[in-house]
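Enquirer: Here's a structure for you.
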Amino acid sequence: MLVKYAAVGSGKKTHLESHLLIHTKVKPHACEVCGKAFSRRSNLTQHLRTHTNDKPYTCEICGRDFTRRYRLKSHLLVHTKEKPHTCEVCGKVFTDKSNFTRHLRTHTKDKPYTCEICGRDFTRRDRLKSHLLVHTKEKPHTCEVCGKAFSQRSNLTQHLRTHTKDKPYTCEICGRAFVEIVHLKSHLLIHRKKNQINVKSEVNHSPKEEF
């Protein structure tokens, strides 16, 4: 059923017309840089700042700049120590709503961002963006020590530890330290197997009860 709306005043009519574009899927405002289109001019204006690096919203406390007003508003909670978003599953609290939303996906296993090339799903848009570099073979993260390049920043961070000898992952059982967490997890299996052997040995050598 088609519903017609009457708006009083040119301002209200303009907002209504802009809103209706959301339902019609029409996106008349296109970015001249990358071609991305938007239904509202205000969204295009915000998007253009990603190309111009214009950040008109400044935090008066620490001086950090932001492209959008809501991001500044969310950032201010860091200074006030407010954490209004609480997870009902585990009780963890967040200052930022977007971080809270991402956290909820760890419980729901919801992965709304899908790679169109291989079909792999991700909980976060930035992780999908990082994953796509695997397909394009781009390696934007370069080691300044040896020149080795990586598609993901996390891999570069791990690689840098081979130069700095930094080993942040420590075994709580024997104290041995590792560069990567995967190596620590692999190492922990050794202790687990030893523990299983000791338990079996104790069972085999326990004195039998006499009846």
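The values are calculated or read from the model by the stated rules, or taken from the named source; none is laboratory data. Every value quoted in this text rests on a predicted model; they were computed, and no experiment measured them. Please note: Cβ atoms are built from the backbone with ideal geometry, for glycine as well, and neighbour counts cover all protein chains shown.
Enquirer: Pick from the stretch 87-125 the residues that are touching an Asp or Glu at 6+ places or on another chain (Cβ under 7 Å) and more than 26 Å from LEU72 (Cα to Cα): which of them is surrounded by the most Cβ atoms within 10 Å (Cβ to Cβ)?
Expert: That would be LYS111.
Enquirer: OK, next. Could you please let me know if VAL182 is within 29 Å of CYS87 (Cβ to Cβ) and of a type outside the set (Asp, Glu)?
Expert: Yes, satisfied.
Enquirer: How many of the residues in the stretch 65-86 are exposed (fewer than 14 other Cβ atoms within 10 Å of the Cβ) and β-branched (Val, Ile, Thr)?
Expert: So the answer is 2.
Enquirer: Also, quick follow-up: Going by what's in this entry, would LYS12 be described as among the basic types (Lys, Arg), at pLDDT below 85 and not in a loop (DSSP other than H, G, I, E, B)?
Expert: Yes; evaluated as a whole, the condition is true for this residue.
Enquirer: When the stretch 140-160 is examined, which residues are found to be assigned to a loop (DSSP other than H, G, I, E, B) and at pLDDT below 90?
Expert: Result: PRO140, SER151, GLN152.
Enquirer: Sticking with this one: Which of the residues that make up the stretch 161-173 are surrounded by fewer than 11 Cβ atoms within 10 Å (Cβ to Cβ) and assigned to a loop (DSSP other than H, G, I, E, B)?
Expert: Selection gives LYS165, GLU172.
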